[in-house]
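J.: Sharing a structure below in structure tokens format, with a few things to ask.
The values are calculated or read from the model by the stated rules, or taken from the named source; none is laboratory data. Keep in mind that this is a model prediction, so the values were computed, not measured. With ideal geometry, Cβ positions are generated from the backbone for all residues, glycine too; neighbour counts draw on all protein chains shown.
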């Protein structure tokens, strides 16, 4: 371990992987001439390989030719596909190149009896005929054939081969002799992006053209020249340095023992030297070789930054033998200057090795979870060093473990207990005689709480009776999404409940890219949740497109709209579809955001947000704590003696609403575990593609303006957009889904009364749940 560790520090320092950036610019064109590297003569029908001398003779136009083995090409008046001379090449064009032109050169000499000749060019799957001119008898003749139309990718160029075929007249024998056979390829490669930074200070962020293939001389700090590949990371960095006034390489050392350069110091403009902690990475890979040994081919993103690539975040550096230590492994994201979870590693606890300082005594190792976290218990008093095992414990962190003080009383936190039984009892006691809980908003969420709590008594029957007698379609997509969730939570089929297809009220708002209003993301998140339980899968185009839209709206810090509750909802929506591209990373980043924003009391600012976050962490199989407090502790402290969330001094509407949110969270049930699955009808599957196509066309025809529709007496009419001011008491941090909702049922009724005379129907605009 000791020698490997020294090499790592000297040659590569500590290196981090970077993420790829999109690069559209390309470098100047490069033209390479390629000669024959092998081949065979099968002009007689029997193949014989070219000799080394033949290959040399075919490599130049110098009047030194090779002659066909056939004493006479076929005289049938047509080509014999079994008789040919085959030429092989070894172009080695970069795989990321853009092919601009490919020309084939064929120089040969014929006798008078030859009538026709052609080349057959291999395009990767078959041979393509290219007619040749025959020229003058017994005189070298050259054809230049442009094959760019079908030899147009690096793979096709790199696998190119050609066959020469001919036939003669019936009166005389003929041979052919061949002087020069070659290919000229013109191509360009993408520019390479370089980002050079120290935290918030970015010294360079731009793209550069790679120089021509070759070598250059680079001087070290002692002004000694060393030959380096012209396209090495170091060489290009030096080129940037020469043209930039924002920084300068102030100390570039060379170690003869390793035959490698070491980037020791960079001097930022108007600042002091930054030394001995420079890292570099290329396209997300960790090149464990020196900066001058990594050669670029174009299109890469190179990150050069000052600092450590990985780190540990400890909740404390001093514990007693009865206290756990929480450690989180993180990796640096140079593009956004943030730290992301580092997974797939272990954290080691070590003691110094007095015999060999490079090989510490390993006390224990602890693999991290999917968020880079691990809880570590150390039972023996001592001073320990922690580090990431895979990074050779560098950097390291010192933790002191002390005994419990004598004659001291250990204060242990006894968290309150949340009673789901009392919470459900409260909901049942406030249920109205018609089965509802007041406004539809509260009734739907109470139904979901009933489903989470497996309520099967008369309270559930009464609620279903209410739903049966109040079957309506809302003009608001989010209302319909929530209502479908309520039906599924109670085990009802939303495709046919009361002979209404409520799933269609969701899918018909899909415009080819997303659901509902493109200005909002909540309606897209809450479309996924019921559709997942209604037979839609990761193979459905409507799901794939919506998930892409949702992910596109995720912020760099992992959140949606900087809100904990909406982010918790997004985790629940995306988690069943993590097989779809980027969904898994989106979920993991969202989880990290929630972990980092947890408050010291275990919650996320409100009961509403904490409930949805807890469902999100349950979907991920996680439990997060801050200062020993969890979300469950937070909710338990908010429960009143009658079982409700919030005290009796709050509005009944808020108490019903918050209690309905809390019950699934405390039970550890994300929504997809509450909603009962139903099958997607065959007709819905058949019609889905047609609906999607129609929505795309509608979106184009209407200049990308969103049109929500509702059904009124079998007629489709556009739904007006009406924003309604709404207030939640005791919920200041609610998201766009939970915030600004009417304080009480009476407030909703007042809003309805004002709007109803104007539009002759119940249009509330975009209710945000």
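J.: Among the residues that make up region 318-328, is at least one of them part of a loop (DSSP other than H, G, I, E, B), in the same structural domain as residue 346 (by TED's automatic domain parsing) and within 23 Å of the chain's Cα centre (by Cα)?
T.: No, that holds for no residue.
Condition check ((1) part of a helix (DSSP H, G or I); (2) buried (at least 18 other Cβ atoms within 10 Å of the Cβ); (3) assigned by TED's automatic domain parsing to the domain that holds residue 527) across all residues:
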residue: 448; (1), (2), (3): yes, yes, no
residue: 456; (1), (2), (3): no, no, no
residue: 461; (1), (2), (3): yes, no, no
residue: 480; (1), (2), (3): yes, yes, yes
residue: 484; (1), (2), (3): yes, yes, yes
residue: 487; (1), (2), (3): yes, yes, yes
residue: 492; (1), (2), (3): no, yes, yes
residue: 495; (1), (2), (3): no, yes, yes
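J.: Consider residue 142 carefully, then state whether it is surrounded by fewer than 17 Cβ atoms within 10 Å (Cβ to Cβ), assigned by TED's automatic domain parsing to the domain that holds residue 35 and assigned to a strand (DSSP E or B).
T.: yes
J.: Next question, about the same structure. So which residues in region 507-527 are surrounded by fewer than 24 Cβ atoms within 10 Å (Cβ to Cβ) and either part of a helix (DSSP H, G or I) or assigned by TED's automatic domain parsing to the domain that holds residue 576 (or both), if there are any at all?
T.: Residue satisfying the conditions is 507 alone.
J.: Examine region 60-80 for a residue that is under 12 Å from residue 178 (Cβ atoms), in contact with a helix residue (DSSP H, G or I) (Cβ under 7 Å, 6 or more places away or on another chain), at pLDDT 95 or above and buried (at least 17 other Cβ atoms within 10 Å of the Cβ), and state whether such a residue exists.
T.: Within region 60-80 (the criterion being under 12 Å from residue 178 (Cβ atoms), in contact with a helix residue (DSSP H, G or I) (Cβ under 7 Å, 6 or more places away or on another chain), at pLDDT 95 or above and buried (at least 17 other Cβ atoms within 10 Å of the Cβ)), the answer is no, since none of the residues qualifies.
J.: Still on this structure, please answer the following. Just to be sure, is residue 499 without any contact (Cβ under 8 Å) to a residue 40 or more places away in the chain, on the phi > 0 side of the Ramachandran plot and surrounded by fewer than 20 Cβ atoms within 10 Å (Cβ to Cβ)? Break it down into steps so the answer makes sense when it comes.
T.: Details: without any contact (Cβ under 8 Å) to a residue 40 or more places away in the chain: yes; on the phi > 0 side of the Ramachandran plot: yes; surrounded by fewer than 20 Cβ atoms within 10 Å (Cβ to Cβ): yes.
Taking the combined requirement at face value, the residue satisfies it.
J.: If we keep just the residues of region 204-214 that are farther than 16 Å from residue 28 by Cβ and in contact with a helix residue (DSSP H, G or I) (Cβ under 9 Å, 6 or more places away or on another chain), which is surrounded by the fewest Cβ atoms within 10 Å (Cβ to Cβ)?
T.: 206
J.: So which strands (runs of 3 or more DSSP E) stay within region 332-426 end to end and still have 3 or more residues that are at pLDDT below 90?
T.: By residue number, 338-341, 373-376.
J.: Could you please let me know if residue 54 is over 19 Å from residue 114 (Cα atoms), in contact with a strand residue (DSSP E or B) (Cβ under 8 Å, 6 or more places away or on another chain) and buried (at least 17 other Cβ atoms within 10 Å of the Cβ)?
T.: Yes: the conditions hold for residue 54.
J.: Within region 494-507, can you find the residues that are within 12 Å of residue 678 (Cα to Cα) and under 35 Å from the mean Cα position of the chain (by Cα)?
T.: 494, 495, 503
J.: Identify, by number, the condition in (1) touching a residue at least 12 places away in the same chain (Cβ under 8 Å); (2) surrounded by fewer than 16 Cβ atoms within 10 Å (Cβ to Cβ); (3) outside the structural domain of residue 201 (by TED's automatic domain parsing) that residue 276 doesn't meet.
T.: With respect to (1) touching a residue at least 12 places away in the same chain (Cβ under 8 Å); (2) surrounded by fewer than 16 Cβ atoms within 10 Å (Cβ to Cβ); (3) outside the structural domain of residue 201 (by TED's automatic domain parsing), residue 276 is out only on (3).
J.: Pull up region 463-484, narrow it to residues that are touching a residue at least 60 places away in the same chain (Cβ under 8 Å) and under 22 Å from residue 573 (Cβ atoms), then point me to the one that is farthest from the chain's Cα centre (by Cα). Walk me through it before giving the result.
T.: Going through region 463-484, the residues touching a residue at least 60 places away in the same chain (Cβ under 8 Å) turn out to be 473-479, 482.
Among the residues that remain, those that are also under 22 Å from residue 573 (Cβ atoms) are: 474, 476-479, 482.
On the way: 474: 36, 476: 32, 477: 29, 478: 28, 479: 31, 482: 29 Å.
Taking the candidates together, the pick is 474.
J.: Go through the residues of region 16-27 one by one and say whether even a single one is surrounded by 15 or more Cβ atoms within 10 Å (Cβ to Cβ), in a helix (DSSP H, G or I) and either at pLDDT 95 or above or not assigned by TED's automatic domain parsing to the domain that holds residue 132 (or both).
T.: no
Residues are listed down the side, and each one gets a yes or a no for (1) at pLDDT below 95; (2) within 18 Å of residue 573 (Cβ to Cβ); (3) touching a helix residue (DSSP H, G or I) at 6+ places or on another chain (Cβ under 7 Å):
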{"site": "446", "(1), (2), (3)": "no, no, yes"}
{"site": "451", "(1), (2), (3)": "no, yes, yes"}
{"site": "455", "(1), (2), (3)": "no, no, yes"}
{"site": "461", "(1), (2), (3)": "no, no, no"}
{"site": "486", "(1), (2), (3)": "no, yes, yes"}
{"site": "495", "(1), (2), (3)": "no, no, yes"}
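J.: Considering only residues that are crowded, with 24+ Cβ neighbours inside 10 Å and part of a loop (DSSP other than H, G, I, E, B), which ones fall in region 637-668?
T.: 644
J.: Right, here's the next one. Would you be able to say whether some residue in region 92-114 is surrounded by fewer than 15 Cβ atoms within 10 Å (Cβ to Cβ) and within 22 Å of residue 37 (Cβ to Cβ)?
T.: Taking every residue of region 92-114 in turn, at least one turns out to be surrounded by fewer than 15 Cβ atoms within 10 Å (Cβ to Cβ) and within 22 Å of residue 37 (Cβ to Cβ).
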